[in-house]
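Accompanying notes for the structure given below.
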Amino acid sequence: MLKTEKNKNDNLVIEKIKNTLIKASSSFRPDKIKLLKDRVKEEKNGLLKWVLESIIENEKIAKKNKTPLCDDTGIPHILLEVGPNSKFDYRLLENIEKGISKGLEELPGRPMAVRGNDIQRIEQSQGLYHKSSDLKLAPIGIKKMKKDGLKINILMQGGGPEIRATTKRVFHQRKISIIIDEIITLSKDEIKRLGCTPCTLAIGIGRTHYEANSLMLEAMIRGRFNKQNKIEKEITKRLNESNIGPLGLSGGNTVLATFLCVGPQRASGVRIVSLRPCCIIEPRVASCFL
Amino acid sequence: MSLILTTPISDLDIKKMSVRDIVYISGYIYAGRDSVLPKIVDLIKKKKDIKGVNLVGSVIFHTAVSSAGVGPTSSNKVEIESSFFDLSRAGVKIHLGKGALGDKTVKILKKFNSVYAVVPPISALLSSKILEKKIVAFPEEGMEALHLLKVEKLPIIVAIANGESIYSS
């Protein structure tokens, strides 16, 4: 490939990544909008209806202006899916990083990268960088896919759900009901303290903490509000009986949906469950093909 | 019930509030969160004034202020919830954020006749309610510095007032 062609290709990738980040940060997927509108119709309490309507109105404005849904624009995470005959290299990874920086700059992302060495960053003693684009991308996950090409999935992970997320070992005693009961118990108090409800529960179940967390992120990407399996429906139903409601104001709209991703399991009495109560703004996910 | 109030907030205004009321706030409010609230508490404890800051009758919105907008952060973070006692004692009337708070905080708010209110995470919508913004203290904290915001009809929902809490089971 000629140098000019290479540069043209680089710019194309950077632009696609930038636009995907902005899309993830400023809009809901259609299945989520439809579900929210249905919940508004069903809601009888005027105050709770107002909360749900304001969430829909907020999305309309953010989508139109391509501005953040929430001021906590989140930490960018990427799952890269690689099809047969496709390859990626150092240059592509660099372009992905450039696209992320450009997206954060244009959105704009919240300038929240912390300055300093290890201890200074932990203690936040040297203040923050001023530019949104100084925020670093989390480590990239990579998976195979059947379709040819490269698929870039971008997630923007907010701080509130991170405070409430947990990864825990559960002794399953060969019963799915024990896993579900534990998920319900772990979730209830965290959702109440999350505040930004109704939430979406993202769950990954795997062999290790790393694997369970990766599966939880995959659940956020693949989950659909209009396509729920039996376990997902049961978890949503039981949590909606908790009467936490939108913003903790009580009522049946505590959880919009559950997104579950179950991976390979260990020959053992233990399962590792990663649980993330995603706030009403999340999952902030968008994808593009290269 | 819905109320329309202009800052500063009086003791009488607080007495009128009940949980689940929507209150529309206009006027000047402060914005501060994890980094800056403990610093303010420290100054209050040392009986030092913060130049240009008057907490009597004030509202503190637990938010960062940046080009990405404003929006509530979790008020139950240690740095924030532990600030309620000293800030309320110093005259803060409305603590504005999100998430359930403990019974101890409910008692603190009652003792000082202050309230806790929540706001939905609607940053795009809230941007039209912010008329002015400026840093008033601790500029080194960047988006987490203490900001003064001029707001117009900022919609908030009362979550804890007069010893009552929407989070009590």
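The values are calculated or read from the model by the stated rules, or taken from the named source; none is laboratory data. Since this is a predicted model, take the numbers as computed values, not measurements. Because the Cβ atoms are built from the backbone with ideal geometry, glycine has one as well, and the counts that use them run over all protein chains shown.
Numbers at a glance
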| item | result |
| --- | --- |
| Selected residue (criterion: surrounded by the fewest Cβ atoms within 10 Å (Cβ to Cβ)) from residues of region B:110-128 that are more than 12 Å from chain A (Cβ to nearest Cβ), under 18 Å from residue B:23 (Cα atoms) and not hydroxyl-bearing (Ser, Thr, Tyr) | B:113 |
| Selection within region B:52-100 - within 11 Å of chain A (Cβ to nearest Cβ), in a loop (DSSP other than H, G, I, E, B) and without any contact (Cβ under 8 Å) to a residue 60 or more places away in the chain | B:62, B:63, B:67, B:68, B:71, B:72, B:73, B:75, B:76, B:77, B:99 |
| Which listed residue is among the polar types (S, T, N, Q) and in contact with a Lys or Arg (Cβ under 7 Å, 6 or more places away or on another chain), from B:75, B:82 | B:75 |
| Filter pass, residue A:282 being over 21 Å from the mean Cα position of the chain (by Cα) and either over 19 Å from residue A:30 (Cβ atoms) or buried (at least 17 other Cβ atoms within 10 Å of the Cβ) (or both) | no |
| Residue in region B:126-135 that is farther than 14 Å from residue B:32 by Cα and without any contact (Cβ under 8 Å) to a residue 12 or more places away in the chain present | yes |
| Close pairs from region A:265-290: first in a loop (DSSP other than H, G, I, E, B), partner among the aromatic types (Phe, Trp, Tyr) and at pLDDT 95 or above, Cβ under 8 Å, at least 6 apart | A:269/A:171; A:283/A:259 |
| Qualifying positions in region B:129-148 - of a type in the set (Lys, Arg) and either crowded, with 22+ Cβ neighbours inside 10 Å or away from chain A (no Cβ under 13 Å) (or both) | B:134 |
| Residue within region B:149-162 that is out of contact with any strand residue (DSSP E or B) (no Cβ under 7 Å at 6 or more places or on another chain), crowded, with 24+ Cβ neighbours inside 10 Å, touching a residue at least 24 places away in the same chain (Cβ under 8 Å) and on the phi < 0 side of the Ramachandran plot present | no |
| Sole residue being closer than 23 Å to residue B:20 by Cα, over 13 Å from the mean Cα position of the chain (by Cα) and surrounded by fewer than 23 Cβ atoms within 10 Å (Cβ to Cβ), chosen from B:106, B:78 | B:106 |
| Answer from A:60, A:41 - the residue that is part of a helix (DSSP H, G or I) and at the interface with another protein chain (Cβ under 9 Å from one of its Cβ atoms) | A:60 |
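Residue-by-condition table, conditions (1) in contact with a strand residue (DSSP E or B) (Cβ under 8 Å, 6 or more places away or on another chain); (2) within 14 Å of chain B (Cβ to nearest Cβ); (3) in a helix (DSSP H, G or I):
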{"residue": "A:168", "(1), (2), (3)": "yes, no, no"}
{"residue": "A:174", "(1), (2), (3)": "no, no, no"}
{"residue": "A:182", "(1), (2), (3)": "yes, no, yes"}
{"residue": "A:187", "(1), (2), (3)": "yes, yes, yes"}
{"residue": "A:193", "(1), (2), (3)": "yes, yes, yes"}
{"residue": "A:197", "(1), (2), (3)": "yes, yes, no"}
{"residue": "A:205", "(1), (2), (3)": "yes, no, no"}
{"residue": "A:212", "(1), (2), (3)": "yes, no, yes"}
{"residue": "A:215", "(1), (2), (3)": "yes, no, yes"}
